[in-house]
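First the structure, then my questions, so here it is.
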Amino acid sequence: MYTIIETYNNIPFDPALTPAKGFSCYIPGASLLFDTGGDAAVLAANLRALGIDPAEIRTLVLSHDHWDHVGGISAVLGKNPDLEVFVPAGFSEEKLAAIREQARATVIGEWREIEDGIASTGPCGGAIPEQSLAIRTPEGLLIVAGCAHPHISRIIEAVKGHGPVFGAIGGFHAISEADRAALKNLAYLAPSHCTEDLEVIVKENSGRIHRGGAGIHHILP
């Protein structure tokens, strides 16, 4: 069983946390942080409020090279000397070099398991290189998306090649008709952050929607 804690989101939930543009979540069972939001001070404060010590974070996965997902990285870099950072192929070489000054870094170009039961999708196509997480649960695979720039339907299709998809959380960005159709097949949905037409997605998937926001805990089966 995994718990996923949303540590950074522009959608508020827990009043002890500061909402700000961006996304980040933490998986305590794997000591894994996915994205860092846009502001290091906000991320650091939110981690403190949640009782998460940056020195205990062993793995950092960056979905894509946009400021609202990598801007808070200094709250994590340098805190754990054994930190390993995973970035998608196509990530800024300049930023990658800066990361490598303080941590081990690996570039991911295709599906790869990075922790037991947790895989990176690798870049899923589109103009913006972006990777998502796929977490294996007894119910199927759960997708954690930063912004889903390649489109959530394309990400779902890529993950389906590795097993049935149970759900998806995070930012779904621009929603196409194909995206809306794909989401209707999932049992667990928690869209937030940059998801366009969020109210429409919630209405169309009533009964399967779970709230997203800063401080939300998703407890998976």
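Any idea what log10 I(q)/I(0) is at q = 0.18, 0.27, 0.29, 0.33 Å⁻¹ for the stretch 152-191, Debye with uniform C-alpha scatterers and no solvent?
Summing over Cα pairs of the stretch 152-191 leads to -0.43, -0.98, -1.12, -1.36.
Hey, can you rank 149-155, 175-181, 130-136 by average C-beta count inside 10 Å, highest first?
On the way: 149-155: 23.7, 175-181: 15.3, 130-136: 26.4.
The peptides rank, most packed first, as 130-136, 149-155, 175-181.
If eta is 0.692 mPa s and T is 37 °C, what Stokes-Einstein diffusion coefficient results for the stretch 179-221, Kirkwood Rh from Cα pairs, in µm²/s? Mind showing how you got there, number by number?
On the way: Rh = 11.0 Å.
Reported coefficient: 298 µm²/s.
Return one quarter of the surface area of the convex hull spanned by the alpha-carbon atoms of the stretch 69-141, equal to its mean projected area, in nm².
Values: hull surface 22.9 nm².
Result: 5.7 nm².
Which order do Arg211, Arg112 take by accessible area at a 1.4 Å probe, largest first?
Values: Arg211 140, Arg112 105 Å².
Accessible-area ranking of Arg211, Arg112, largest first: Arg211, Arg112.
Taking only protein heavy atoms into account and a 1.4 Å probe, give the accessible area per residue of the stretch 18-147 in Å².
Working: 5010 Å² over 130 residues.
Value returned for the stretch 18-147: 39 Å² of accessible area per residue.
Using only the alpha carbons of the stretch 94-221, what is the convex hull's orientation-averaged projected area in square nanometres? Let's see the in-between values first.
Values: hull surface 34.3 nm².
Its Cα hull, projected and averaged over all orientations, spans 8.6 nm².
When Rg is the radius of gyration of the Cα atoms in the stretch 6-94 and Rh is its Kirkwood radius, what does Rg/Rh come to?
On the way: Rg = 12.0 Å, Rh = 12.8 Å.
That ratio is 0.94, to two decimals.
Another question about this same structure. For the stretch 25-147, treating each Cα as an identical point scatterer without solvent, what Debye log10 I(q)/I(0) comes out at q = 0.13, 0.16, 0.21, 0.23 1/Å?
Taking Cα atoms of the stretch 25-147 as identical point scatterers yields -0.47, -0.72, -1.26, -1.50.
Considering only protein heavy atoms and a 1.4 Å probe, what is the carbon-and-sulfur percentage of the accessible area of the chain?
Details: 4550 of 9050 Å².
In the chain, the share of accessible area belonging to carbon and sulfur is 50 percent.
Hey, got the dipole for the chain? About the Cα centre, +1 on K and R Cβ, -1 on D and E Cβ, debye to the nearest 20? Spell out each step's value before the answer.
Values: 16 positive and 26 negative charges, 62 e Å.
Its charge dipole is roughly 300 debye.
Which is farthest toward the positive dipole end of the chain among Leu32, His193, Pro15, measuring Cα position about the Cα centre, with Cβ charges +1 (Lys, Arg) and -1 (Asp, Glu)?
In the chain, that residue is Pro15.
Within the stretch 1-89, list the trypsin sites (Lys or Arg not before Pro) lying in a DSSP loop whose Cβ has at most 15 other Cβ atoms in a 10 Å radius.
Working: sites: Lys21, Arg48, Arg58, Lys79; in loops: Lys21, Arg58, Lys79.
Filter output for the stretch 1-89: Arg58.
Here is a further query. Kindly state, as a whole number, the per residue volume in cubic angstrom of the convex hull around the alpha carbon atoms of the stretch 36-80. Let's see the in-between values first.
Numbers: hull volume 2.7 nm³, N = 45.
Spread over its residues, the Cα hull of the stretch 36-80 gives 61 Å³ apiece.
Test of understanding: express the Cα radius of gyration of the chain as a ratio to 2.2 N^0.38 Å, with N the residue count. Let's see the in-between values first.
Values: Rg = 15.7 Å, N = 221, 2.2 N^0.38 = 17.1 Å.
Rg over 2.2 N^0.38 Å, computed on Cα atoms: 0.92.
Return the distance in nm (one decimal) between the two label points of a simple spin-label model at Ala49 and Ala187, each offset 7 Å from Cα along Cα→Cβ.
3.2
While we're looking at this one, here's another question. GNM, the chain, Cα, under 10 Å: largest mean-square fluctuation among Glu139, Glu93, Glu113?
It is Glu93.
Hey, another quick one. Using just the helices of the chain, give the 222 nm mean residue ellipticity in deg cm²/dmol: DSSP H runs with n ≥ 4 each add -39,500 (n - 2.57), and the total is spread over all residues, rounded to 500.
After summing the helix terms and dividing by the residues of the chain, the value is -5500 deg cm²/dmol.
Taking only protein heavy atoms and a 1.4 Å probe, what accessible area per residue, in Å², does the stretch 159-198 have with all protein chains in place? Intermediate values should be presented prior to the final figure.
Working: 1520 Å² over 40 residues.
Result: 38 Å² per residue.
The values are calculated or read from the model by the stated rules, or taken from the named source; none is laboratory data. As the structure is a computational prediction, the values presented were derived from the model and not from experiment. Positions of Cβ are generated from backbone atoms using ideal geometry, with glycine treated the same way; all protein chains shown enter the neighbour counts. Areas reflect the complete protein model, heavy atoms only, side chains present, ligands, DNA and RNA absent. Shrake-Rupley method; radii C 1.70, N 1.55, O 1.52, S 1.80 Å.
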